[in-house]
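K.L.:
Structure provided below as structure tokens; questions to follow.
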Amino acid sequence: MRTIDWVDGAIELVDQTLLPDECVVLRIETVDALIDAIRRLAVRGAPALGVAGAMGVALAAATLDDPAEAIARLRAARPTAVNLAWGVDQAAACLPDADAALERALAIRDDDIAACRSMGEYGADLLADLAPAPARVMTVCNTGGLAAVERGTALGVVQTLHERGALAEALALETRPLLQGARLTTWELARMGAPHRLVVDSAGPYLLATGHADAVLIGADRIAANGDTANKIGSYALALGAARAGVPFVVVAPETTVDMTTPTGAHIEIEDRGPSEVLTVKGVRVAPKGTHTVNPAFDVTPHELITAIVTDRRVVRLAQGETLSSVPQGARR
């Protein structure tokens, strides 16, 4: 199943807000509808957003006489994940040739499918060095096929481990406030037949301290030039817990998520998603009226806490002194 695709002149994508109760495919025929889908997280995940951005440019070119304003709004729909802006820029560079923009968007889709398979292999090979087999792996948010086109990033590594018979168990954090781990990751793990259990977010570091996991695998929405990594809120707490427990902490993301123009994590804009996602669950209020919130969607894990970064083209072992600048692409470990 593909999370997002181009079908008969429009974008089709799985509405992730309805999972796990319903699996509904939306047909997106306007840029405004795509922006809405991105903002309300009907489509999400850094790789999937890159594909969505590129396809959105193709859609704008095909449906609007002057697509520039719509493309600018699409590019800014979510600020933290670098892939959205990257995908938009890649396709927009082909304009005014609308056919070329669509061709580039479809190439980005196909490249993402290949990249996810590559990350799965790189990551599983790395885990064979870092953890016992079969391994118990902890993860946060959703980094499977729903976050990409197929298979995914960190959860794609879990899938490859499972296919190799090298996965003992996946521990999925529920991931507040939208419960993307509980709703989406467990759904994907069940579909692949992988053994798994669901964990409340605040229990993650304690379970690491008490020996319940052999490695932590997370995705990324932006990786700065020094290796600092922005990912879904809760990742930093896991990194601290993993460092204290001596558990490998591995970031898995495509090369397109590495942003060498962002020097450090301090330069990454962190999206705040407002109060409703904290004050309510599925429309039901869980906090008193008048309660104020702080709701960062992401946090930044310093590179010092990261064992390695796995992309579709290389493994960078930060804990061994390697950097994104020192390890060339194509350097398999």
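The values are calculated or read from the model by the stated rules, or taken from the named source; none is laboratory data. The structure presented is a predicted model; accordingly, all values stated were derived computationally and were not measured. Reconstructed Cβ throughout: ideal geometry from the backbone, glycine too, with neighbour counts over all protein chains shown.
The rows are residues; the columns are (1) in a helix (DSSP H, G or I); (2) touching a strand residue (DSSP E or B) at 6+ places or on another chain (Cβ under 6 Å); (3) among the polar types (S, T, N, Q); (4) surrounded by fewer than 19 Cβ atoms within 10 Å (Cβ to Cβ).
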| position | (1), (2), (3), (4) |
| --- | --- |
| 137 | no, yes, no, no |
| 156 | yes, no, no, no |
| 161 | yes, yes, no, no |
| 171 | no, yes, no, no |
| 189 | yes, yes, no, no |
| 208 | yes, no, no, no |
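K.L.:
Looking only at region 262-283, decide whether some residue is touching a Phe, Trp or Tyr at 6+ places or on another chain (Cβ under 6 Å), surrounded by 14 or more Cβ atoms within 10 Å (Cβ to Cβ) and either modelled with pLDDT of 95 or more or not acidic (Asp, Glu) (or both).
P.N.:
Among the residues of region 262-283, at least one is touching a Phe, Trp or Tyr at 6+ places or on another chain (Cβ under 6 Å), surrounded by 14 or more Cβ atoms within 10 Å (Cβ to Cβ) and either modelled with pLDDT of 95 or more or not acidic (Asp, Glu) (or both), which makes the answer yes.
K.L.:
Moving on. Here are some residues: 219, 227. Which one is buried (at least 20 other Cβ atoms within 10 Å of the Cβ), out of contact with any Pro (no Cβ under 6 Å at 6 or more places or on another chain) and farther than 21 Å from residue 158 by Cβ?
P.N.:
Of the residues listed, the single one that is buried (at least 20 other Cβ atoms within 10 Å of the Cβ), out of contact with any Pro (no Cβ under 6 Å at 6 or more places or on another chain) and farther than 21 Å from residue 158 by Cβ is 227.
K.L.:
Criterion first (modelled with pLDDT of 95 or more and surrounded by fewer than 18 Cβ atoms within 10 Å (Cβ to Cβ)) does residue 291 satisfy it?
P.N.:
Taking the combined requirement at face value, the residue satisfies it.
K.L.:
Could you grab me the full set of residues in region 84-105 that are surrounded by fewer than 17 Cβ atoms within 10 Å (Cβ to Cβ) and either touching an Asp or Glu at 6+ places or on another chain (Cβ under 8 Å) or not in a loop (DSSP other than H, G, I, E, B) (or both)?
P.N.:
Across region 84-105, the qualifying residues are 89, 99, 100, 103.
K.L.:
Here is a further query. Mind counting the residues in region 22-43 that are in contact with a helix residue (DSSP H, G or I) (Cβ under 9 Å, 6 or more places away or on another chain) and under 17 Å from residue 282 (Cβ atoms)?
P.N.:
2
K.L.:
Scan region 243-256 and give yes if some residue there is surrounded by fewer than 24 Cβ atoms within 10 Å (Cβ to Cβ), aromatic (Phe, Trp, Tyr) and in contact with a strand residue (DSSP E or B) (Cβ under 6 Å, 6 or more places away or on another chain), otherwise no.
P.N.:
no
K.L.:
Are there any pairs, at least 6 apart or on different chains, whose C-beta atoms fall under 7 Å, with the first in region 95-120 and at positive phi and free of Cβ contacts under 8 Å to residues at least 40 places away in the same chain and the second outside any helix (DSSP H, G or I) and surrounded by fewer than 24 Cβ atoms within 10 Å (Cβ to Cβ), and if so, which?
P.N.:
From region 95-120, no pairs qualify.
K.L.:
Search region 159-188 for residues that are assigned by TED's automatic domain parsing to the domain that holds residue 15 and over 14 Å from residue 143 (Cβ atoms) and pair each with any residue that is in a loop (DSSP other than H, G, I, E, B) and of a type in the set (Phe, Trp, Tyr) when their beta-carbon atoms are under 7 Å apart and the residues are at least 6 apart or on different chains.
P.N.:
That search, which allows pairs on different chains as well, returns nothing.
K.L.:
State all residues of region 280-311 that are in a loop (DSSP other than H, G, I, E, B) and either more than 23 Å from residue 238 (Cβ to Cβ) or outside the structural domain of residue 128 (by TED's automatic domain parsing) (or both); if no residue qualifies, say none.
P.N.:
282, 283, 286, 287, 288, 289, 290, 291, 292
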